[in-house]
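Just below is one structure, and these are the notes that go with it.
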Amino acid sequence: MPRPSLFHVLLVERRWDHWSTFCLQFEQVARDLARELSRPRLASVTVSRKRFHRWAKGHWYGRPWPDTAVVLEHLFEVPAADLFSPAPDFASANATPYKGGALRASVLVAERWPTSRFFMGHEAVGGWELADRQALDGTTAAVAFRAATGDGCQAHLDAGDMAALEEFLRPARRGFLIGVDDRESPQLFVVDAAIARRDRAALAGQDASALPRAHLLDDITYGLVWSLLQLDDGLLADDFALEQEQKVLETYLDLPRSAPARQIMRRLDGLTAPPAFWNREQMGEQAAAWLWFRHKADYLKAISARYADSAPLCWAFCIPESEVSRSGRYERILLLLAIALMELHGVRVDVLSRPDYSHVDAFALIPGQRAVVANLARTDEDTWAVDTVTLGPVLQEYSEALGEAREHSVMRGPDLEGRLRSAAGYLDIDWVWLVERSREMSEYGTASIVRPRSRHLTAESLDEVFAFLAFLAPDR
């Protein structure tokens with residue numbers, strides 16, 4: 001499939017991809033040029049709806065009529081020959097480093113991650129739009145682009161105009177500095193503006209502009225940014241309402257049907273043998289809750305500690321091949337990191353690929369006694385529901401599901417590393433690459449790249465899991 005034209009990319013960046021919006025911009029420039037260049041006929045130059053849609057599809061390569069080309073070149077500040085050429089080949093001698101770097105970054109992100117795009121704003125500041133797939137809500141953060149040079153284990157970020165950088169970092173909004181290394185093999189590096197704000201005085205120094213390779217924007221760091229920002233912004237948007245309703249929530253927690261983890265723990269009181277768990281998470285955006293939410297980490301630690309002296313806890317996931325094929329690698333990495341987090345806490349995880357089990361609700365089974373059932377992942381209601389089931393046929397169905405997961409798990413191997421490696425193979429993730437990146441992430445910490453703002457989120461679990469993966473497969 002041919003690469004999109006630069007015209008298409010710039011339309012999307014500027015949000016001019018509707019004919020009427022584009023025409024407002026185009027015709028204003030045409031009128032201004034008619035006066036400035038003393039060429040009255042330019043004022044009557046227009047682009048028909050049919051021609052615009054032909055160009056906007058991004059696969060028309062050629063050159064427009066001369067008068068139209070003049071207007072387009074002034075509108076986009078790019079030669080017409082480049083506008084209607086494949087976008088990655090764009091290299092204008094007259095382009096500023098910002099425009100060239102931002103364009104490279106925009107094209108690279110659009111090609112790699114369909115749930116993401118950069119769009120250009122005022123001067124050197126743009127936006128980073130992150131879209132959900134199913135469970136999250138989507139959000140946008142501010143971005144500023146700077147030239148970067150990758151050099152082995154580090155990337156050197158050019159702070160550029162310090163006054164402009166200071167202006168970008170001053171607001172308390174969520175933002176990111178994006179370093180663009182657009183040499184033969186373009187690479188992007190990312191750092192949270194809050195972290196850059198803290199160190200902005202040092203950014204002017206020659207040595208302090210160095211970013212460790214952990215900041216490389218790839219499927220790991222993109223997955224972290226993509227999931228955290230959506231969870232974080234969603235929580236912050238509701239923070240006041242949650243605080244106001246705290247007393248109501250406390251009352252709700254005492255009701256016999258509620259979904260929070262402490263209700264599940266309460267229903268497991270008095271057990272001597274560990275229960276077996278079945279999870280509903282099948283996508284990375286669902287599994288990200290285990291990695292970021294503080295209460296999820298507390299629950300996992302509490303349940304592991306409760307049965308530390310008994311047989312290992314068992315946790316099953318059903319992840320059909322169809323869901324694997326629909327998910328980007330960054331989402332599959334989030335799934336694998338969540339599985340590794342459970343294994344880190346002494347939980348044995350099995351992954352079943354059979355799609356006929358994909359609609360089973362989450363449950364904790366005490367064989368022959370009862371099951372605590374939760375529809376945490378798929379309910380359409382405003383509240384989650386947890387209930388206890390004691391019916392023999394239902395318990396048998398749950399027991400059979402767990403048996404299938406144990407018997408036909410895709411996680412096979414002589415040891416823990418082998419089992420996680422096989423899970424990575426099923427999810428089509430390069431294990432050696434994952435371990436190497438985990439080692440880099442563990443050395444510098446997740447919060448050095450992107451950090452939570454909500455009090456309900458933490459980066460501690462991710463730091464633990466990266467250290468765990470690096471320890472499992474040390475340098476050989």
task = Please work out whether region 1-94 counts as rounded, prolate or oblate from its C-alpha gyration tensor, where a ≥ b ≥ c are the square roots of the eigenvalues and a/c under 1.5 means rounded, while otherwise a/b larger than b/c means prolate and anything else oblate?
result = prolate
Three principal axis lengths of region 135-186 [C-alpha, angstrom, descending] = 35, 35, 17
query = What list of ³J(HN,Hα) couplings, whole Hz, do you get for region 404-412 from phi and the Karplus terms 6.51, -1.76, 1.60, once you set θ to phi - 60° and write x for glycine and proline?
reply = 4, 5, 5, 6, 10, 4, 6, 8, 10
note = Classified through the alpha carbon gyration tensor (a ≥ b ≥ c as square roots of its eigenvalues; rounded if a/c is under 1.5, else prolate when a/b is larger than b/c, else oblate), region 305-450 comes out prolate
query = Amide H of Leu211: which non-local residues (sequence gap of 5 or more, or other chain) have their own amide H closer than 5 Å, using H built in the peptide plane?
reply = Ala155, His156, Leu157
request  = Enumerate the amide H contacts of Leu457 below 5 Å, restricted to partners 5 or more residues apart or on another chain; note that Pro and chain-start residues carry no placed amide H.
outcome  = Arg294
ask   = On full extension of the chain, what length is gained from Arg49 through Glu36, given 0.36 nm per residue of separation minus the C-alpha to C-alpha distance?
value = 2.0 nm
task = Starting from the amide H of Val351, placed 1.01 Å from N in the peptide plane, find each other amide H under 5 Å away whose residue is 5 or more places distant or on another chain.
result = Phe317, Val410, Met411
request  = Determine, from the Cβ-Cβ distance of Asp463 and Asp151 and an R0 of 25 Å, the FRET efficiency 1/(1 + (r/R0)^6), rounded to the nearest 0.05.
outcome  = 0.45
Glu407 versus His359: modelled label distance in nm, points set 7 Å from Cα along the beta carbon direction = 2.2 nm
query = Can you sort Trp113, Trp226, Trp60 so the residue with the fewest Cβ neighbours within 10 Å comes first?
reply = Trp60, Trp113, Trp226
query = Across region 447-458, in residue order, what do the Karplus-derived ³J(HN,Hα) couplings come to in whole Hz, using 6.51 cos²θ - 1.76 cosθ + 1.60 with θ = phi - 60° and x for Gly and Pro?
reply = 5, 6, 9, 8, 10, x, 10, 6, 5, 8, 10, 8
query = Fewest to most neighbouring Cβ within 10 Å: what's the order for Phe466, Phe76?
reply = Phe76, Phe466
message = In whole Hz and in residue order, list the ³J(HN,Hα) couplings for region 51-67 that follow from phi through the Karplus curve 6.51 cos²θ - 1.76 cosθ + 1.60, θ = phi - 60°; x for Gly and Pro.
response = 5, 4, 5, 5, 5, 5, 5, x, 10, 9, 10, x, 9, x, 4, x, 5
task = Provide Thr446, Thr388 in ascending order of the number of other Cβ atoms located within 10 Å of each residue's Cβ, fewest first.
result = Thr388, Thr446
remark   = Rounded to one decimal in nm, the spacing of the 7 Å Cα→Cβ label points at Thr388 and Ala237 is 3.8 nm
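Rule-based calculations on the coordinates, nothing more; no lab input. Quick caveat: nothing in here was measured; it's all calculated off a predicted structure. Neighbour counts are summed over all protein chains in view; Cβ atoms, including those assigned to glycine, are modelled from backbone coordinates with ideal geometry.
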